[in-house]
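Notes for the one structure printed next.
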Amino acid sequence: MTKVDKNFYIKLGKFFLLKSFRIATLLFAICIISFLLIKNSPIDPIQAYIGADMLTVGPEQRERIAEYWGLNLPVMVQFWNWLSALLTGDLGTSMIYRSPVSEIISERFIHSLVLMIAAWLLSGIFGFAMGVIAAMKKDTWIDKIIVWYCYTLASTPTFWVGLLMLIIFAVWLGWFPIGLSVPVGSLAEDVSIADRLRHLILPAVTLSIVGVANVALHTRQKMIDVLASDYVLFAKARGERGFVLFWRHGLRNIALPAVTLQFAAFSELFGGAVLAEQVFSYPGLGQATVEAGLRGDVPLLLGLVIFSTIFIFAGNLIADLIYYVVDPRTREGWRI
Amino acid sequence: MISSLNISVEAGEILAVVGASGSGKSLLAHAILGILPSNAKVSGTIKFNGEILTSARQEALRGREIALVPQSVNYLDPLMRVGKQVRTSVKKGNEAKAQREVFERYRLKSDVDKMYPFQLSGGMARRTLLSTAMVSGARVIIADEPTPGLDPAVINEALNHFRDVADNGNAVMLITHDIESALKIADKIAVLYAGSTVEVAPANNFTGNGEKLRHPYSKGLWRALPQNEFIPIPGSQPHPSTLPSGCLFEPRCVKATLECTKAQPVMRELRNGIVRCIHAT
């Protein structure tokens, strides 16, 4: 192993150590805050658990359920009990689904993941291409159309686009199913991949056409900066132009920021998925979050908060790591 | 801003363009190559091989017939290895071979090939920039301040190389504020003041106390050098937005008369050079 390599791995080790510390403190803070918030919210866990049968439960029974769950203990003791269970990997049992929270999250996550990856790739690729075209053809009609489209979409709520897509493609044209992730009334083993894809298309497209705006506008601005740089001027002075210029200097200099931005956008993706899944009744994490919130399913809600924190943190971590490892200025910085 | 600028450079010749910062030297280089920003207003004509350089011809010729040596490391792509940036400048012949040879000539070690611009020292960056022009095989080389930050040995080598290039039938335009270095190799010196040429003189006129020079500004500039009398010209170059209506140098000129304030003098031939002054003899 050369000296350079060794230094690199030491630096990388420090990087991960720092990041582990960050996620630990972040998660702890998130746990305290969300626990206290829910504790002080009007959600009554007993009522949420019993539901409509509440009328038949007397005050004494209520008292005993509270005692059984430890609801009459001091708040910090309750928090401690929850946290120690959490540390052993026990996220509790969902009240509305009557099954372990970790199971629900992992099952829902698979559904959401397919949707989010599809939307993520689509918006990334199309957004990047649109941004590049707009910047290369700055101030022409094509640039104006792209920018107009982006501003319009960036100020459009996701659920509204979802409703519009449903009305046009599912109701009027009947090309796609109205909701869910599989056909209604069919057994799990009868569902084909084509069926799943058909159910995936509308929500994924909805998420992408909104996501495209952000990516395209960022890429366009970055590309405009690159095109105005001294090194592009010098490349032109050396006779480069058009596609060669873009390929040699443009792409090279905007690819890294674009990719990292795309990973850092996990939070927006998750936020968008919550709305899109609700509109399309798509049984993913987003829909579970809305259900848990509306029906006061405390364990599930807290589990989802923790999971989404980790998910978004992972996105940001990947973004940082890519910059750290791919950019020669940080990768080979210690050579000088 | 550049106005009233007339210069020419012939094959086999080195023209040094000197002037203080802000006199429009870099702008001139960019104008010749046609790489001014799109909001720049350009008028006048530039001829290459006797034909007018239209923007289409500029686009076709730059990097092939006309090459630029820019000012700083910022002109190198920060994410491309420098060896590759030199190789992509090669227009004919074996790219890798041409790059290796030029690196050897400028004493750039072979591992520089794999470096990124941020890893280069100031001197290495300038030598890399020089290399890009040298490998292009262009017949006109425009060097924009190619020497600052280099050690004397490398300066001499770079200058000698420009001389070689010129002696092989090419034209070199050396844009600099370093008159001393320019004099070592240049055939003609054009003096710029506030964006216009005030004098174009043979290099050997820059001698003694500047008696052989024509324009009061060139004389002043020459005398202001440390190795000469080291007397600065009082005042400063006018800002492009507040140019005098007459001779641009009139407010600072010891020879100024009422006539000088009326109109900007035209370039006239005088003693084997040209000058923009009505009093010059």
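Points to keep in mind about this one:
- From A:A288, A:A258, A:A292, residue being under 17 Å from A:M136 (Cα atoms), in contact (Cβ under 8 Å) with a residue 12 or more places away in the chain, small (G, A, S) and touching a helix residue (DSSP H, G or I) at 6+ places or on another chain (Cβ under 6 Å): A:A258
- Among residues of segment B:46-93 being at pLDDT below 85, more than 8 Å from every other protein chain (Cβ to nearest Cβ) and part of a loop (DSSP other than H, G, I, E, B), the one that is farthest from A:Y323 (Cα to Cα) is B:G50.
- Where a residue in segment B:172-197 is modelled with pLDDT of 85 or more and its partner, wherever it lies, is assigned to a strand (DSSP E or B) and small (G, A, S), with Cβ under 6 Å and at least six apart: B:L174/B:A16; B:L174/B:A143; B:A182/B:A16; B:A186/B:A16; B:I189/B:A16; B:I189/B:A201; B:T197/B:A190
- Residue selection: B:K212 fails the criterion of being of a type in the set (D, E, K, R) and out of contact with any strand residue (DSSP E or B) (no Cβ under 9 Å at 6 or more places or on another chain).
- Taking first residues from segment B:202-222 that are touching a residue at least 60 places away in the same chain (Cβ under 8 Å) and partners that are of a type in the set (S, T, Y), the Cβ contacts under 9 Å between residues at least 6 apart in sequence or on separate chains come to B:N205/B:S218; B:R214/B:T281; B:H215/B:Y193; B:L221/B:Y193.
- Filter result (under 14 Å from A:G131 (Cβ atoms) and surrounded by fewer than 24 Cβ atoms within 10 Å (Cβ to Cβ)) within segment A:192-214: A:A213, A:N214
- You will find that of B:A138, B:A153, the residue that is modelled with pLDDT under 85 and either more than 9 Å from chain A (Cβ to nearest Cβ) or more than 25 Å from the chain's Cα centre (by Cα) (or both) is B:A153 and no other.
- Residue list for segment A:126-151, filter: free of Cβ contacts under 8 Å to residues at least 12 places away in the same chain and of a type in the set (S, T, Y): A:T140
- The one condition from (1) surrounded by fewer than 10 Cβ atoms within 10 Å (Cβ to Cβ); (2) under 21 Å from A:D297 (Cβ atoms) that A:P59 does not meet is (2).
- Where helices (runs of 4 or more DSSP H) fall entirely within segment A:193-257, those with at least 2 residues that are more than 14 Å from every other protein chain (Cβ to nearest Cβ), touching a Phe, Trp or Tyr at 6+ places or on another chain (Cβ under 6 Å) and not charged (D, E, K, R) are at A:193-227.
- In the set A:A52, A:A29, only one residue is modelled with pLDDT under 85 and not assigned by TED's automatic domain parsing to the domain that holds A:V325; that residue is A:A52.
- Within segment A:278-336, restricting attention to residues that are in a helix (DSSP H, G or I), surrounded by fewer than 16 Cβ atoms within 10 Å (Cβ to Cβ) and hydroxyl-bearing (S, T, Y), the residue that is nearest to the other protein chains (Cβ to nearest Cβ) is A:T330.
- In summary, B:L36 fulfils each of the numbered conditions (1) free of Cβ contacts under 8 Å to residues at least 12 places away in the same chain; (2) away from every other protein chain (no Cβ under 14 Å); (3) surrounded by 12 or more Cβ atoms within 10 Å (Cβ to Cβ); (4) of a type outside the set (S, T, Y) with the single exception of condition (2).
- Odd one out for B:N170 among (1) buried (at least 20 other Cβ atoms within 10 Å of the Cβ); (2) over 18 Å from the mean Cα position of the chain (by Cα); (3) within 22 Å of B:I66 (Cα to Cα); (4) away from every other protein chain (no Cβ under 14 Å): (2)
- No other residue among A:L217, A:L245, A:L233, A:L227 is in contact with a helix residue (DSSP H, G or I) (Cβ under 8 Å, 6 or more places away or on another chain), surrounded by fewer than 19 Cβ atoms within 10 Å (Cβ to Cβ), among the hydrophobic types (A, V, I, L, M, F, W, C) and over 30 Å from A:P177 (Cα atoms) apart from A:L245.
- Some residue of segment A:100-109 being within 24 Å of A:R295 (Cβ to Cβ) and small (G, A, S): yes
- Filtering segment A:280-296 to residues that are more than 17 Å from the chain's Cα centre (by Cα) and over 14 Å from A:L200 (Cβ atoms) leaves A:E291, A:A292, A:G293, A:L294, A:R295, A:G296.
- Restricting attention to segment B:134-164, the residues that are hydroxyl-bearing (S, T, Y) and over 18 Å from B:Q99 (Cβ atoms) add up to 1.
The values are calculated or read from the model by the stated rules, or taken from the named source; none is laboratory data. Just so it is clear, the model here is predicted, and its values are computed rather than measured. Note that we place each Cβ from the backbone using ideal geometry, even for glycine, and neighbour counts take in every protein chain shown.
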